[in-house]
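To start, I am sharing the structure in question, which I have written as structure tokens.
What follows draws every value from the coordinates through simple rules; no lab data is involved. Keep in mind the model is a prediction, meaning the values are calculated, not measured. Glycine gets a Cβ as well: all are built from the backbone with ideal geometry, and neighbour counts include every protein chain shown.
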Amino acid sequence: MSQQNIIHVLYVVHDHFGGTAQHLAAAMASVLENTKSKVHIHLFHNPTLPASDIDKLSKMIKRYEQEFDSYVVQIDDSILNKIPRIAEYTPGVLYHLKVADLLKENIERIIYLDFDTIVHDDIQRLFEKELNGKCVGLVPLSEKSSKKMLAEDFPDGNSPILPNEYYNTGVMLMDLHSVREKHDLWKESISFLLRYPKLQYLDQTALCCIFKGEILPLSERYNCGATRKQGVHTPGIYHYKGPWRTKPWNCVDKKVSVLYWKYLMKSQWIDPEEVLLDFASKICLDEMLVQNPMKNKKKVIRMFLLRCGIDLKKYFS
Ligand SMILES: [Mn+2]
């Protein structure tokens, strides 16, 4: 099979607090569960991610009869020290900027996904989108969010781009051939970040500015915010944006959070009973639950099991 028929997907991770592999497992399982295409998953990481986790992810992907490669990313302290904001996040926010350098040149197209995404759709749909010669396909942010983010990043009003040129970069369809031809992505990104060392939205703002005029806007379905109500039923790529405490593994307060748990269950990363217990302990804030906590918690768990295709009788006899 030629490289052009294989769907290449990239994830990156800096496992600063530990436990990120579980979220990667749910994210990757969501890609693999929903497609019949040949998929090759690439993972950029550094030594913070335990070798045992990489091995377990690799075995999971092999179980789906798909391909996997992992790559160690090294970034000089001399660069990290000059961009102090990185310490507030992790150096992981820079890893995907090495995509054109680390992947083989015969890989011409790739989908980058944040590990806080769930692909509740056939990934093929996004992969075969026509980019019309542009370098990347991205989903635009709302005008309000774009204005706010650019104002935070460029408080002096010196933004190189307009709000309608700002996008979320948690899901990216990249034409690596065009990127390599027109850019040295790593070099340009680092010089951009050194020029504006106080950026809040580091890699996102750098990418939108570097690819200005070379971005194809994609439909919102490929990077839906986690507040979208119909998530469980509507296909799309769900992105759990926002602070860490609101991620579905910390708090199930939105209907689309259930998707994370569903695919975690499918990944077989941890024992199903453990997934269920963890899920049950994280359900919160749901209006239904506030009104009648005991009865409704049972209902939410019952719906969850049903969606995972698990025998209800075992748990509700
Ligand atoms: Mn994200």
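Return the aspartates and glutamates within reach of LYS56: Cα separation strictly under 18 angstrom, same-chain partners fewer than 8 residues apart disregarded; answer none if there are no such residues.
ASP15, GLU33, GLU65, GLU67, ASP69, ASP271, GLU274
Let me ask something else about it. To the nearest Å, what is the center-to-center distance of the range 215-277 and the range 2-31, using C-alpha atoms only?
Answer, in whole Å: 14.
Aspartates and glutamates within cross-link reach of LYS187: Cα-Cα under 15 Å, excluding same-chain residues under 8 positions apart?
Partners found: ASP76, ASP101, ASP203.
Quick one: angle between helix 293-308 and the longest Cα principal axis of the chain, in degrees between 0 and 90, rounded to 10, please.
Helix 293-308 and the main axis of the chain meet at about 70 degrees.
Which of the aspartates and glutamates could a cross-linker bridge to LYS241, judged by Cα under 13 Å and excluding same-chain residues fewer than eight apart?
Within the straight-line limit of under 13 Å, LYS241 reaches these aspartates and glutamates: ASP114, ASP116.
Using a 7 Å offset from the Cα along the Cα-to-Cβ direction at both GLN200 and LEU80, what is the distance between the two label points in nm, to one decimal?
So the two model labels end up 2.5 nm from each other.
Let a ≥ b ≥ c be the square roots of the eigenvalues of the Cα gyration tensor of the range 128-191; is it rounded (a/c under 1.5), or, if not, prolate (a/b larger than b/c) or oblate? Intermediate results must be reported in sequence, preceding the final value.
On the way: a/c = 2.71, a/b = 1.47, b/c = 1.84.
Because a/c hits 1.5 or more and a/b fails to exceed b/c, the range 128-191 counts as oblate.
Could I ask something else about it? Full-extension gain between SER219 and LYS295, please, as 0.36 nm times their residue separation minus the C-alpha to C-alpha distance. Let's see the in-between values first.
Numbers: separation 76, 0.36 × 76 = 27.36 nm, distance 3.86 nm.
The SER219-LYS295 span can extend by a further 23.5 nm.
Given H placed 1.01 Å from N in the peptide plane, which residues other than close sequence neighbours of LEU103 have an amide H under 5 Å from its amide H?
The answer is none.
Then there's this: Express in nm, to one decimal, how much length is gained between CYS284 and TYR71 on full extension, taking 0.36 nm for each residue of separation and deducting their alpha carbon distance.
Details: separation 213, 0.36 × 213 = 76.68 nm, distance 3.76 nm.
Result: 72.9 nm gained on full extension.
Okay, helix-only estimate at 222 nm for the chain: each DSSP H run of n ≥ 4 adds -39500 (n - 2.57), divide by all residues, round to 500 deg cm²/dmol; what do you get?
Numbers: 15 runs with 128 residues, N = 317.
For the chain, the value works out to -11000 deg cm²/dmol.
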